[in-house]
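**Q** For reference, the structure I am asking about is given below.
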There are 2 protein chains.
Amino acid sequence: MLKNYLREAGEFHFAELARGISPLTMVSIMRLLLLSIFTLFFSFQSVFSHPLDPLTEEEITLVRNIVLNKYTNTSHTHSFHYVGLDDPDKAIVLKWESSQPNTMDIPRQAFVIARVDGVIHELLIDLKLQHILSDNVHTGNGFPTLTVAEQTQAIALPLKYTPFIESINKRGLNISQVVCCPFTLGWNQCPLRPILNIGLHIRKKPPFGPKQTSYGTFQPEGPGFKVDDHSLSWANWKFHIGYDVRAGVTISLASIYDLEKHKSRRVLYRGYISELFVPYQDLSEEWYYKTFFHAGEYGFGQSMVSLQESQDCPPNAKFFDAYYAGRDGRPEHVPKAFCVFEHYGNILWRHTETGIPDEPIQEVRTEVSLIVRSIVTVGNYDNIIDWEFKPSDSIKLVVSLSGMLEIKAVEYKHNNEIKEEQHGSLVSANSIGVYHDHYFIFHLDFDIDGEENSFVKTDLKTESSRWKILRSGLVDSVDQSRGDDTIDVWTQKNRDIMNKDIVMWYVMGIHHVPWQEDFPIMPLLSAGFELRPTNFFERNPVLKTLSPKHVKWPTTCSKKN
Amino acid sequence: MLKNYLREAGEFHFAELARGISPLTMVSIMRLLLLSIFTLFFSFQSVFSHPLDPLTEEEITLVRNIVLNKYTNTSHTHSFHYVGLDDPDKAIVLKWESSQPNTMDIPRQAFVIARVDGVIHELLIDLKLQHILSDNVHTGNGFPTLTVAEQTQAIALPLKYTPFIESINKRGLNISQVVCCPFTLGWNQCPLRPILNIGLHIRKKPPFGPKQTSYGTFQPEGPGFKVDDHSLSWANWKFHIGYDVRAGVTISLASIYDLEKHKSRRVLYRGYISELFVPYQDLSEEWYYKTFFHAGEYGFGQSMVSLQESQDCPPNAKFFDAYYAGRDGRPEHVPKAFCVFEHYGNILWRHTETGIPDEPIQEVRTEVSLIVRSIVTVGNYDNIIDWEFKPSDSIKLVVSLSGMLEIKAVEYKHNNEIKEEQHGSLVSANSIGVYHDHYFIFHLDFDIDGEENSFVKTDLKTESSRWKILRSGLVDSVDQSRGDDTIDVWTQKNRDIMNKDIVMWYVMGIHHVPWQEDFPIMPLLSAGFELRPTNFFERNPVLKTLSPKHVKWPTTCSKKN
């Protein structure tokens, strides 16, 4: 009721003011009026079903209004670089969870990184009280995550800049043949980067590949998982799927129901990709600075793409939307930002026993697992990120890469013409695919049967350990940072990791030496790891799990269809 | 016609002789008579559609008759340890293949390892001429692959041996509670192995695991592959699937049709698992000798189990039978020894292009791959072996392990009671799962665009190489061998590997530190590698491959069913 009134009032003012003033001023005045109304009359009710739910569309709008309300002067320029849930303390979340169903009053706060007149502010906002709890100016090095709008503008800018168009024409090309990418600079001093070489690919169209046969799938009982907003239960698993504009999909409060102990057991408090670091290994002046932090510089969450039905996720998938704050603070909608589906066909366990005379035993169980999938495209690479939950209680994390190679134009057409180190492979005539790595840093806050966990590194005698920790951070300003607030720095504190609430950052690296088959779009390349329960259960937890039933396609009917 | 006559003649003689003589002599005389008839009258026609087809049921019988015919004396004892196709030379096979359709006369020979009166013979038999080409006595160390009958007998023997039954009773157990396994001894001198400890598991029955939801799958156009006996064509792939009693499934003559070059291109002449070496790492007297060669000692092919429909292979699988020679030389039938099926659901490639203002591009292609699956159970482990062929022209080899752990009974119930090194992990009360490795040795005879291939080891600067070669052999006598005919020995010849017809033995190791969840049957653990084309094609070969079409389940009809 109040809301409707407000809208009408707003529209009224808009109509009144629309006469005789410039559009820019008009909007500013309108904003001023609207905000005053908000502050005075509008009582916002935060609606969320779980304390870790991502900020809703309405909450993002509220955050924007609160920030703009503080910096109302029309000369201010604002840009929102991060708007996300400021998690309640773990103790509070756990208390909330254990007291279900509950009416427990739980804080709801947003963390915001915004630039006002070029100054970086880190704000903590109470969404219930609609009040700024703190507003700190970032004085250190670095620049916050680029907004999508900034990236889009940066791409479009040179295409309309006459000196650039002319420089392209001089090289015998038309500006419509050029694609620009927004590169972060790191903390180098050089203000401008030269254009190296430009190559033009007149691509031979390859023939159509082999035909892939059609198929049908069906779940006659429907999916095996239950969704309550962002909370999901499936098989013996329960967890919460969140979303963050910087980190992308977050998995929280993952717990397993132990069928023997008749109780739910906690495993993972929080897991997400905190950073994807992609350093290129060309030492030339035009390339050396290309070391991208996909989360910290470009925003892993805001780079998530809308998933295509039956293509990115199978036909039995359920899709979830996401919202993030755009540069202007308004909510941006990502339809089908991630999906959840059941995956069939693997073997769960099997055994053939031939050791008992005249009593052959053969037992097989097939597996249904649950996959949470999202796809993040930062620049040239598409990263398909799968969290796979298994009935045997392991969590498998698989990242698959596809997309376009980062190419350097060279004069060479054949390998035998190359005399100097090119820091890459000739993937096509005049095209070097530059060597690079993909380091995925997984933030894994384990709570195995509680918070008090220990990290034990097992070095096997004949095999060196594979653990390593790489620098990364969660809310530090990554772009142009000088490394003064990283895990490296935190690690030097050398704090106790026995029976503490510890967090692991697991680094998975893919060293990519490109080759011709990766050009122009590379076929999928996957890497992953599995978190398997180790002496967590007394025995194989799926020993008495039955295979899913296979249903026959109604062939007599299918002819009619 | 001749065959029918023969059977009647045989039956006639049998009836005549059946009176008044002992069954054993009777059979011997009958065999003598039958063999004479074979030699005199029977003209066998070898029927095979491809020179690499495994020996047929009839050919195995013929081999048996030829060998028994040579050693007819009734006092002879015979056992057949290996009967398999002796491959024609590569040059002949390639000539045969390139001259399709052809009536080329190609040799058909069997290689046989048989023991006659305890002496090991290696025979080469011409199946067309029904003639023994060579008969060499093996004078070196080692014992040929155990026959299945020997293994079965060894298992049953102690269960009927009074002193053993009594020794079990003394330990407070009943013989029906004991399972015996046939262990190979290596070339150690100890004639007998003591029994260490005996533990009895009164297993708490675990509760039924979480329900897995049912599903339906369907290929409305049928499968995308075509089978001609053992030859298979699918998508751009063509290859031959063979079977060998020692090696199991063999993949031969794999070639890719290059859509741009409009020709078929050879990739792999022959690939199979030449050995699976499983050394246990307990140094105690009762355990140190447990180092099993699954192919050389137990026969990987004869240990293949019959696959279960919709469990071991999905409902859209096609199954293939296999035959091997039993100890008596007669053909043993393995129904559904391996299967071939199409696998859906992975992403082939994708890209989202945001670099072109106002022209967002998003392209996704899903993948159908082809899997050849067999399952080999040697003793306690089930090895699921997948050869996966991809439309992007890579071959992925994945081995997944399940089955029972090899257990050592100990007095300990809890880890804190253990004071000495146990060479394993306490996986349940009184049960140590002993540390061990699984080394899969893949024989890969690459013929990339022809026989002249080179092996290049690329050592990246910051990463050490992962290549290693382990000792293995193809037809050497493995059991109790002293290592005098191994790849180690062959490698020392230091022959040229530049532009030669080289073979690679790739070793994949899984070091298994067992834990409670592996007990009593371990959930699936997979490892694998992918053979990806590298600068074999000019560009991504699946750039214009379309996604398979997904067909909707006829829901209106399915209700009636």
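**Q** Please give the residues from region A:220-266 for which the solvent-accessible area of heavy atoms, probe 1.4 Å, is smaller by at least 40 Å² with all protein chains in place than with the chain isolated.
**A** A:221, A:259, A:260
**Q** Now a separate question. Please compute the per residue accessible area over region A:330-376 with all protein chains in place, 1.4 Å probe, rounded to a whole number of Å².
**A** Value returned for region A:330-376: 34 Å² of accessible area per residue.
**Q** Output, in nm with one decimal and in ascending order, the distances from the residue A:501 label point to the matching label points of the other copies (7 Å from Cα along Cα-to-Cβ).
**A** Distances between equivalent label points, in nm: 6.8.
**Q** How many percent of Cα pairs in region A:362-445 exceed 21 Å?
**A** Beyond 21 Å sits 54 percent of the P(r) for region A:362-445.
**Q** At a probe of 1.4 Å, how much accessible area disappears from chains A and B on forming the pair, both sides counted, to the nearest 100 Å²?
**A** By this definition, chains A and B bury close to 10200 Å².
**Q** What full-extension length gain, to one decimal in nm, is calculated for residue B:229 and residue B:289 as 0.36 nm per residue of separation minus the Cα-Cα distance?
**A** Here the answer is 17.4 nm.
**Q** Still on this structure: List, shortest first and in nm to one decimal, how far the label point of residue B:534 (7 Å from Cα along Cα→Cβ) is from its counterparts in the other copies.
**A** Distances between equivalent label points, in nm: 3.1.
**Q** Need one number: nm distance between label points at residue A:527 and residue B:180, each 7 Å from Cα along Cα→Cβ, rounded to one decimal.
**A** With each label placed 7 Å out from Cα toward Cβ, I get 5.1 nm.
**Q** Any idea what the residue B:161 label distances to the other copies are, label 7 Å down the Cα→Cβ vector, nm, shortest first?
**A** Going from nearest to farthest copy, the values are 8.7 nm.
**Q** Where Lys and Arg each count +1 and Asp and Glu each count -1, what net charge lies around residue B:229 among other residues with Cβ under 15 Å from its Cβ?
**A** Here the charged neighbours net out to -3.
**Q** Same structure, new question: Tally Lys and Arg at +1 and Asp and Glu at -1 over the other residues with C-beta under 14 Å from the C-beta of residue B:240: what net charge comes out?
**A** -3
**Q** Counting Lys +1, Arg +1, Asp -1, Glu -1, what net charge surrounds residue A:126 among other residues with beta carbon under 11 Å of its beta carbon?
**A** With Lys, Arg at +1 and Asp, Glu at -1, the net is +1.
**Q** OK, next. Taking the Cα centre of each part, how many Å lie between region A:142-182 and region B:142-176?
**A** About 79 Å separates the Cα centre of region A:142-182 from the one of region B:142-176.
**Q** Please average, across the residues of B:523-533, the number of beta carbons from any other chain that are within 10 Å of each residue's own beta carbon, and give a whole number.
**A** Shielding by partners across B:523-533 averages 4.
**Q** Another one. Which residues, if any, in region A:317-346 have at least 20 Å² less accessible area in the whole protein complex than in the isolated chain, probe 1.4 Å?
**A** Buried on complex formation: A:343, A:344, A:345.
**Q** Could you check the simple spin-label distance between residue B:328 and residue B:500, using points 7 Å along Cα→Cβ, in nm with one decimal?
**A** 4.6 nm
**Q** Right, something else. Give me the distance in nm between label points sitting 7 Å out from Cα along the Cα-to-Cβ direction at residue B:131 and residue A:58, one decimal.
**A** 9.4 nm
**Q** Another one. Over 28 Å between Cα atoms, which of A:211/B:263; B:261/B:318; B:290/B:500; B:95/B:336; A:238/A:336; A:549/B:318 qualify?
**A** Distance filter (> 28 Å) returns B:261/B:318; B:290/B:500; B:95/B:336.
The values are calculated or read from the model by the stated rules, or taken from the named source; none is laboratory data. Values in this document were obtained by computation on a predicted structure and should not be read as measured data. A quick note on method: Cβ atoms are made from the backbone with ideal geometry, for glycine too, and the neighbour counts reach across all protein chains shown. The accessibility values were calculated without ligands, DNA or RNA, using every heavy atom of the protein model including side chains. Shrake-Rupley method; radii C 1.70, N 1.55, O 1.52, S 1.80 Å.
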